[in-house]
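*Asks:* One structure coming up, written as structure tokens, with questions to follow.
Every number here is computed from the coordinates shown, using simple stated rules; none is lab data. Please read these numbers as outputs of a predicted model, since none were measured by experiment.
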Amino acid sequence: MPLIFFVTLINILVRIGAGAVRKAREPKPDPLCAECSFVHLQRAVGGKLAILCTFGGGVRSITLNVMYCTDFRDRTIVSRPVVIGFAHELSEEATIAEGTTAGR
């Protein structure tokens, strides 16, 4: 009777251990930072990631998997150039007129 109990107990422990090993070996999804335009990402041969955030001009090491970020900007989307200053946009005729007067 005690032999059957020990065999059953060992069988349960082996199955729990095998499940933990299987779960640890399955591939993990990339963090949100991997798709951000502010990231400096280094991938090692063993699959480890070194993630550095460059938002705001500095370089900060990210040691956890980020799920949500307030400064996230998708690197696959092309951003429009931002117009800075108070200059009005000139029409095509005005730019041609400026080009001809500047050549004199």
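*Asks:* Give a residue-ordered list of calculated ³J(HN,Hα) values for region 35-48 (Karplus: 6.51 cos²θ - 1.76 cosθ + 1.60, θ = phi - 60°; whole Hz; x for Gly, Pro).
*Replies:* The phi angles translate into 10, 8, 7, 8, 9, 10, 10, 10, 10, 8, 4, x, x, 6 Hz.
*Asks:* With just the Cα atoms defining each centre, how far is region 1-17 from region 52-67? Give it in Å.
*Replies:* Taking the Cα centre of region 52-67 as reference, the centre of region 1-17 is 47 Å away.
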